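Working notes for the structure below.
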Amino acid sequence: MKSTGSSKKFPTSQAEIEAVIARAPGKDRPLTAQEEAKWSTGVLVNGGGYRAVQKALAAKRKPGQRGPQVAPTKQLVSVRYSPEVLAFFKAGGTGWQTRMDDALKQWVSSHGRAKRRVPQSEA
């Protein structure tokens, strides 16, 4: 994250440092509404540091984002289908890929697996 310039001067004398500390919230003074809003978006990480904060933010999933699959049950492949087949399944709306998978499973179960020829590269 790129830092932007600030018009505030860094305290240089002991009196300025003590004045800044006195204005800071703590046991003596609660946070103002503006300070509360600023701190509400902060990330507190045990151990601190830039790398720890980056790691904590990366580990947090965003809404709608899936976590890693424990045991993938399907394989990703690239297949070409005729336009008529795709139009048929897509006409049913969302979930067309699942319906296509179910239809293929039904076909496989009705045709059996006993006499499937295995190419030499798979054996």
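The values are calculated or read from the model by the stated rules, or taken from the named source; none is laboratory data. Computed from a prediction, not measured in an experiment: that's the story for all the values here. Here the Cβ is made from the backbone with ideal geometry for all residues, glycine too, and neighbour counts use every protein chain on show.
Could you list, in sequence order, all residues of the stretch 61-106 that are in a loop (DSSP other than H, G, I, E, B) and in contact with a helix residue (DSSP H, G or I) (Cβ under 7 Å, 6 or more places away or on another chain)?
If we filter the stretch 61-106 for residues that are in a loop (DSSP other than H, G, I, E, B), which is where we start, we get 61-82, 91-95.
Hit for the stretch 61-106 is GLY92, nothing else.
Within the stretch 59-75, is even one residue in contact with a Leu (Cβ under 6 Å, 6 or more places away or on another chain) and over 30 Å from MET100 (Cα atoms)?
Checked against the condition, which is being in contact with a Leu (Cβ under 6 Å, 6 or more places away or on another chain) and over 30 Å from MET100 (Cα atoms), the stretch 59-75 yields no hits at all.
Identify all residues within the stretch 1-22 that are loosely packed, with under 10 Cβ neighbours inside 10 Å and either modelled with pLDDT of 75 or more or farther than 24 Å from GLY42 by Cα (or both); write none if there are none. Can you show your working first?
Residues of the stretch 1-22 loosely packed, with under 10 Cβ neighbours inside 10 Å: 1-10, 12-15.
Passing the criteria: LYS9, PHE10, THR12, SER13, GLN14, ALA15.
Let me confirm something: among ARG80, ARG66, which residue is out of contact with any strand residue (DSSP E or B) (no Cβ under 7 Å at 6 or more places or on another chain), basic (Lys, Arg) and not assigned by TED's automatic domain parsing to the domain that holds ASP102?
From the options ARG80, ARG66, the qualifying one is ARG66.
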